[in-house]
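Undergrad: Below is one structure. I have some questions about it.
The values are calculated or read from the model by the stated rules, or taken from the named source; none is laboratory data. Since this is a predicted model, take the numbers as computed values, not measurements. Backbone-built Cβ (ideal geometry, glycine too); neighbour counts: all protein chains shown. Keep in mind that these areas ignore ligands, DNA and RNA; they rest on the heavy atoms of the full protein, side chains included. Shrake-Rupley method; radii C 1.70, N 1.55, O 1.52, S 1.80 Å.
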Amino acid sequence: MAMAQSPFDAPPQGENAFARITHNVARVAEVPKPPRGWYIAFGIALTLLSIFGVSIGWLMWTGIGIFGNMNPVFWAMPIVNFVFWVGIGHAGTLISAILYLLRQNWRTAINRFAEAMTIFAVICAGIFPGLHVGRPWLPYWMFPLPNQMSMWPQFRSPLEWDVFAVGTYFTVSTLFWYMGMIPDFGTFRDRSTTRLRKAIFGLLAMGWRGSSRQWHRYERAYLILAALATPLVLSVHSVVSFDFATAQLPGWHATIFPPYFVAGAIFGGFAMVVTLAVPARQFFGLKRIITVGHLELMAKIILATGMMVGYAYSMEFFIAWYGGNDYEMFTFFNRALGPYAWSYWAMIFCNVVSPQVFWSKKMRTNPWVILGVGVLVNIGMWFERFVIVITSLSRDFLPSSWGYYKPTFWDFSLLAGSFGLFFTLFLLFCRYLPMVAMAEVKAFHPSAHGHGDEHH
Amino acid sequence: MAKTKETAKEGGFGDNIRMDGLASKLMGIAGGIGVIGLGASFGLGYTSDKSQFMHSYLTAYAWILSIGLGALWWVVLQHLVNAKWSTVVRRVGELLASTMPMLALLSLPIVIPALMGDSTLYIWADSQKMHADHLLHKKAAFLNRDFFVVRLVIYFVFWGVLSRYLLSKSVEQDKTGAPEIRSKLQGLCAPSMILLALTLTFAAIDFVMTLEPKWYSTIFGVYYFAGAVVSFHSFFALALMWLQKNGRLAKSVTSEHYHDIGKMMFAFTAFWAYIAFSQFMLIWYANIPEETEWYHVRAHGAWGTVSYLMVAVNFLIPFFGLLSRHVKRNRMALGFWAVWILVVHWLDMFWLVKPHMHTEHLPFSILDVTCTVGMLGLFIAAAAFASQKVNLVPIKDPRLEKSLAFENF
Amino acid sequence: MSHHDDDLHGLLAEYETPSALVAACKKVRDAGYAKWDTFTPFPIHGIEKAMGIRMTGLPWIVLAAALVGLASAVGLQWWTNAVDYKFISSGKPMWSIPANVPVYFELTVLFSAFAALFGMLILNNLPQPSHPLDHLQAFGRVTDDRFFLYIEKGDAKFDLAETQRLLDGTHPVTVDAVNEDRRTSDQLPKPLVLTAAVIAVLALVPFAFIAKARATKTDKPKIHAMGDMDWQIKFQAQQPNPLFQDGMAMRAPEPGTVALDEHPDDEHLTAGKVDGQFVRTFPAGFKVDEATMARGKERYQIFCAPCHGVSGNGDGPVAQRAMTLAEGTWVPPTALGQDYLRQMAVGQLYDVVTNGVRNMPAYGSQIAVDDRWAVVLYLRALQKAKAAPVGDLTDAERAALK
């Protein structure tokens, strides 16, 4: 398969490390044509996006009867998809904010596109609650807007807390992402060859020139935003977990849900980060910036958070027995042995078993193994939400009320379509925006610290 | 402004990193206070008001255990993530974690009565009562004296062996400087962390949650863990300050290190509040009597006042107090908050344990003071004992230089 | 590089490495300059100290915003749920602080984040569309790989020769003179202003529509965007249904259907009649005791008192209102203490409650059979109260009346 060498495979140009970093990253957005892989991926993404559009259109026209939701499983795939996407977003914030506070400088290679991933994931997430209600033209009722009915939203409901949590999360993530890009927009602006590019990036860069006095306040704001984003990311998936844990349903009502969901979110999110990072570094020639070392660290985090999720599974199991609550115990037996056992064991295999390969150094330094496990974990985390939501609803207290839920074609088309939206946005980001935080990578490059400077 | 530090490679460390006579002095004083404190507790309490004694003892024990386990967790974490800022202070952490044998010993006044069927604390120690109750007999396979002891043995053996191994390997590196010790310990600490999470959880369940065997919470282990982390870091800060005041580590431990310890105190104050709130709110919201019963006791009367007080003293006040970086970098201020946090986390244990004894009023007695002081003394004596012949800094750890020189944001 | 003194804006030194720049900064700082700055592609560690930059007050702004956010969240949830639009939700208190905590937290973070970003931009004087340095081509590398130090002519200590010498002493790559920017316009670019104006106007349009809708009335029917929601394919009450012989969607119960508390065979109980005659006794099994009397009183006060009055005088609130309205169509409710009613059979009284009489509607569908008998019992008590013979009173009661 001989192809002309892609411009991304060539070593980056520049007389010093900083210039090479600039070139390595900027060329992704500046070359006349993106790599062929990008076109193929974009084609698939657009196809899925169209499916999304068609599905949403049909849903608006016909109503939520096209879902498989049926007594007793009234909450099904749309909410599973919502939790799935929100969870994925969390890794981006963790990389941006928490790893920053922990002074893990390796994050600079991946934090930009992880933050982008967060925002696109949250967009996909936010669509589902809006869609899955009976009258999707009324979501503005969820906001405390004065109205002629003299009514206000119900703040005692976790679903209302979701509005604020996901809304705040989306806003803060976007602000953080944008702020991080200001210096890099400056770089793009200064390298622009056309007036249009210069105007657009100039606007976005706000006239950033790298003044140290400005850097000082900028760094302070960055630290503050990181310090705010850290508890925020814990709170968002905790609030999402409250959607379930505040109920009295066996399998839903467990006090460990908040940290369990957060650990699971980070777990699934990192899996998505590696799923994106491995092909991106391959096709965009970023292997010198996103190294195997970075991938290995991410693999370790996947293993660690996977173990935290496993801890939560064990605690639920133990307390279900210890609590002596027959309904609770039944829920867990039902998950493993009942009609949805296939989903449960898929979840266990993907979430608990597959990350175990990362105990081996060989496995966790092989990008394609990491990619494979990343994909499996994403599947596993989707199944985890499926197991939690659907098995608990399909068989709760009263056997006469039990029922089997079957998703419909449209349930699946919306899920697949959401991936279309996500990947379309992500691929556009890769092509047009600074994909790696150039200023941050430079700041932690060894050349940035001369003799006479302190080390971190 | 480069700091020049002589590392152990050049022979002299440039700072006093040996306890020498201080260790035996500390052992003597702390140990003495410990023995007197506990002796007085036994004398006062066991004979006159056994229930008061048992509950006060358990409260103090849960508190001191959380400090020790917090230390062990911290050391394992530093190895696991290959932390560089903490190398210079890690040996002190290892010494605090080496108190496991003493903690095992201190558990005996709780374990032995339970083994003998005394159900003052744990109703499940009385197997007759267990089998008579329609709910409790289902848990008797877990909640019985023998399995309890087996579990405790597992916990203490694991904690003891792990803490000892981590300390001895670290001390070995002082002599040989072997760099592979670092990676070996990092590798070991991964499965160790998993086992630590499980043993800590079940210890918290065994000692505290089973006081009310009909109540349960899946997050309980995490709750105890949060308190352990924040208590340990506070104790750690005070220990380092005390050492510096006594001429040890005067130059090696800087405001940067205190700043990082302070950050953990701050962050885990918030984390504790998050876990405490999650547990409470979910139980409040679902309003299931089986679960709310535990909170109901703590929400009314004198206990209710304590609960509201805890929102302020365990969360709001230390949160705002520790917000500023200037506070975290100032030894006096940080020391104040360290003491504060240790006190309010003792209050947390009190609030967890004592309602089992009295639901109407707060059963605070002199025994609470003597038990706590006694255990604290013996805990410090055990750490001092471990510190006798070792360096207070892992002098040949490859990350030491970075740790000495690092600067915060 | 020749220039006129009044054209000069400042001197720019370019460096290849961060450490060279930091070293230069210390010299400039120590020389006492105030109006100077450095420009770098990334934040240089240690440069704040080298330049003497003081810690920004941004954290205080963020703290203030956080407190405002928290107060807003408390106020919002308290006002909307506990004051303005109260409704009971699973027995939770109107002001449920535990349930409000998540939103407290989120709004605190949201306000803080806005303050951090916008505070930073404002303090940094961003957006900063133009700067004299932009016209220097070499300065384009500031966002790439070169480091710059700039001393403004406006600084008190600035002296062309002295400053030049100072900078030369720091071993820069070059030192350039930078002129005042007389080329860039002070005005915002026209297309930008125009676009912003157009967007602002367009943004007001939806609000204008909303305002119009709020202020006007219309007699046009509602727009049905979702026809299949508004006109559903189902049979509703009072609708025709061709499937059935009688053409009605509503079905009557099968003949012989009996309600749970119905006793079709016991005419005495369910109809107050035996052999077509109204009975004068209460049904068998009907207990005449305090409990039944209390029940009867309660049911009477619910169903009968609105018209007949609490004492049975026909002066209930509905009757009084009708008298006030004086519309001329009202038939006053009967005063229940009258003789003929005292002598009426209990069965007939029961029948009146069940089926109504004259203008009084039937209450049989609202009051269960046993309750109707209890009401009749209470009615008897009311009637007795109005006409009790003296002999029925106890001594104490007689004494009290005197």
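Undergrad: Out of all the residues in the range C:318-338, which are in contact (Cβ under 8 Å) with a residue 12 or more places away in the chain and open to solvent by 30 Å² or more (accessible area, probe 1.4 Å)?
TA: C:318, C:331, C:332, C:334, C:335
Undergrad: I want to confirm something. Restricting to the range C:64-120 and keeping residues that are of a type in the set (Val, Ile, Thr) and within 19 Å of residue B:320 (Cα to Cα), which single residue is farthest from the other protein chains (Cβ to nearest Cβ)?
TA: Looking at the filtered set, the residue picked out is C:68.
Undergrad: Confirm whether residue C:84 is open to solvent by less than 20 Å² (accessible area, probe 1.4 Å) and among the acidic types (Asp, Glu).
TA: No, not satisfied.
Undergrad: On the given criteria, is residue A:37 over 21 Å from residue A:240 (Cα atoms), surrounded by fewer than 18 Cβ atoms within 10 Å (Cβ to Cβ) and modelled with pLDDT of 90 or more?
TA: no
Undergrad: Now a separate question. Looking at residue B:323 and the list (1) more than 12 Å from chain A (Cβ to nearest Cβ); (2) outside any helix (DSSP H, G or I); (3) surrounded by fewer than 23 Cβ atoms within 10 Å (Cβ to Cβ), which single condition is not satisfied?
TA: (1)
Undergrad: Could I ask something else about it? Tell me which residues, restricted to the range C:239-290, are assigned to a helix (DSSP H, G or I) and surrounded by 10 or more Cβ atoms within 10 Å (Cβ to Cβ).
TA: C:267, C:268, C:269, C:270, C:271 - these are the residues of the range C:239-290 that are assigned to a helix (DSSP H, G or I) and surrounded by 10 or more Cβ atoms within 10 Å (Cβ to Cβ).
Undergrad: To continue, here is another question. Here's a check for you: in the range B:380-409, which residue that is part of a helix (DSSP H, G or I) and in contact with a Phe, Trp or Tyr (Cβ under 9 Å, 6 or more places away or on another chain) is least open to solvent (accessible area, probe 1.4 Å)?
TA: B:403
Undergrad: Condition first: small (Gly, Ala, Ser) and open to solvent by less than 20 Å² (accessible area, probe 1.4 Å). Now tell me which residues in the range C:142-179 satisfy that.
TA: Scanning the range C:142-179 gives a single hit, C:177.
Undergrad: Considering each residue of the range A:221-240, count those that are facing another protein chain (nearest Cβ under 7 Å) and among the β-branched types (Val, Ile, Thr), and give that number.
TA: The qualifying residues number 2.
Undergrad: Would you kindly identify the helices (runs of 4 or more DSSP H) lying entirely within the range A:292-398 that contain at least 2 residues that are more than 30 Å from residue B:135 (Cβ to Cβ) and within 14 Å of another protein chain (Cβ to nearest Cβ)?
TA: Fully inside the range A:292-398 and qualifying: A:292-322, A:361-364.
Undergrad: Would you point out which residue out of A:76, A:121, A:91, A:97 is at pLDDT below 95 and under 24 Å from residue A:343 (Cα atoms)?
TA: A:76
Undergrad: Follow-up question, since we're still on this one. So, residue B:208, is that one open to solvent by less than 20 Å² (accessible area, probe 1.4 Å) and closer than 22 Å to residue B:324 by Cα or not?
TA: Considered against the rule, which asks whether it is open to solvent by less than 20 Å² (accessible area, probe 1.4 Å) and closer than 22 Å to residue B:324 by Cα, residue B:208 comes out as no.
Undergrad: In the range B:373-409, what residues are of a type in the set (D, E, K, R) and either in contact with a strand residue (DSSP E or B) (Cβ under 6 Å, 6 or more places away or on another chain) or within 14 Å of chain A (Cβ to nearest Cβ) (or both)?
TA: B:399, B:401, B:402, B:407 - these are the residues of the range B:373-409 that are of a type in the set (D, E, K, R) and either in contact with a strand residue (DSSP E or B) (Cβ under 6 Å, 6 or more places away or on another chain) or within 14 Å of chain A (Cβ to nearest Cβ) (or both).
Undergrad: Specify the residue that is farthest from the other protein chains (Cβ to nearest Cβ); the eligible residues are those in the range B:167-187 that are touching a residue at least 12 places away in the same chain (Cβ under 8 Å) and open to solvent by 60 Å² or more (accessible area, probe 1.4 Å).
TA: Of everything passing the filter in the range B:167-187, B:175 is farthest from the other protein chains (Cβ to nearest Cβ).
Undergrad: Has the range A:160-176 got any residue that is more than 11 Å from chain C (Cβ to nearest Cβ) and either part of a helix (DSSP H, G or I) or of a type in the set (Lys, Arg) (or both)?
TA: Checking the range A:160-176: not a single residue is more than 11 Å from chain C (Cβ to nearest Cβ) and either part of a helix (DSSP H, G or I) or of a type in the set (Lys, Arg) (or both).
Undergrad: So residue A:248 ticks every box in (1) within 29 Å of residue A:107 (Cβ to Cβ); (2) surrounded by fewer than 19 Cβ atoms within 10 Å (Cβ to Cβ) but one. Which box is left unticked?
TA: (1)
The rows are residues; the columns are (1) more than 14 Å from every other protein chain (Cβ to nearest Cβ); (2) at pLDDT below 90; (3) part of a helix (DSSP H, G or I); (4) touching a Phe, Trp or Tyr at 6+ places or on another chain (Cβ under 7 Å).
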site: C:181; (1), (2), (3), (4): no, yes, no, no
site: C:184; (1), (2), (3), (4): no, yes, no, no
site: C:203; (1), (2), (3), (4): yes, no, yes, no
site: C:217; (1), (2), (3), (4): no, no, no, no
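One line per residue, one yes/no per condition, for (1) open to solvent by less than 10 Å² (accessible area, probe 1.4 Å); (2) modelled with pLDDT under 95; (3) not charged (D, E, K, R):
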position	(1), (2), (3)
A:380	yes, no, yes
A:397	no, yes, yes
A:415	no, no, yes
A:423	no, no, yes
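Undergrad: Working only within the range C:159-200, note down all residues that are of a type in the set (Asp, Glu) and over 21 Å from residue A:203 (Cα atoms).
TA: If the condition is that a residue be of a type in the set (Asp, Glu) and over 21 Å from residue A:203 (Cα atoms), then C:159, C:162, C:168, C:176, C:180 are the ones that fit.
Undergrad: Another one. Counting residues that are away from chain A (no Cβ under 14 Å) and among the small types (Gly, Ala, Ser), which helices (runs of 4 or more DSSP H) fully inside the range B:220-316 reach at least 3?
TA: B:220-245, B:301-310
Undergrad: I'd like to check something: does the range B:122-133 contain any residue that is touching a Gly at 6+ places or on another chain (Cβ under 6 Å), open to solvent by less than 30 Å² (accessible area, probe 1.4 Å) and under 18 Å from residue B:212 (Cβ atoms)?
TA: Within the range B:122-133, one or more residues are touching a Gly at 6+ places or on another chain (Cβ under 6 Å), open to solvent by less than 30 Å² (accessible area, probe 1.4 Å) and under 18 Å from residue B:212 (Cβ atoms).
Undergrad: In this structure, does residue A:215 turn out to be at pLDDT 95 or above, among the aromatic types (Phe, Trp, Tyr) and either surrounded by fewer than 18 Cβ atoms within 10 Å (Cβ to Cβ) or in contact with a Ser or Thr (Cβ under 9 Å, 6 or more places away or on another chain) (or both)?
TA: yes
Undergrad: Cβ-Cβ distance below 7 Å, separation of 6 or more or different chains: which pairs start in the range A:1-29 with a residue that is within 9 Å of another protein chain (Cβ to nearest Cβ) and open to solvent by 30 Å² or more (accessible area, probe 1.4 Å) and end on one that is outside any loop (DSSP other than H, G, I, E, B) and modelled with pLDDT of 90 or more?
TA: The qualifying pairs are A:14/A:20; A:14/A:22; A:14/A:23.
Undergrad: Among the numbered conditions (1) in a helix (DSSP H, G or I); (2) within 30 Å of residue A:174 (Cα to Cα); (3) modelled with pLDDT under 95; (4) open to solvent by 40 Å² or more (accessible area, probe 1.4 Å), tell me where residue C:78 comes up short.
TA: Every listed condition holds for residue C:78 apart from (3).
Undergrad: Where in the range C:323-402 are there helices (runs of 4 or more DSSP H), lying wholly inside it, with at least 3 residues that are out of contact with any Phe, Trp or Tyr (no Cβ under 6 Å at 6 or more places or on another chain) and more than 21 Å from residue C:274 (Cβ to Cβ)?
TA: Passing ranges, in order: C:339-343, C:369-386, C:395-401.
Undergrad: Now for a separate question. Can you name the condition, by its number, that residue B:300 falls short on among (1) closer than 26 Å to residue B:120 by Cα; (2) touching a helix residue (DSSP H, G or I) at 6+ places or on another chain (Cβ under 7 Å); (3) free of Cβ contacts under 8 Å to residues at least 60 places away in the same chain; (4) not polar (S, T, N, Q)?
TA: Only one criterion in (1) closer than 26 Å to residue B:120 by Cα; (2) touching a helix residue (DSSP H, G or I) at 6+ places or on another chain (Cβ under 7 Å); (3) free of Cβ contacts under 8 Å to residues at least 60 places away in the same chain; (4) not polar (S, T, N, Q) is unmet by residue B:300, namely (2).
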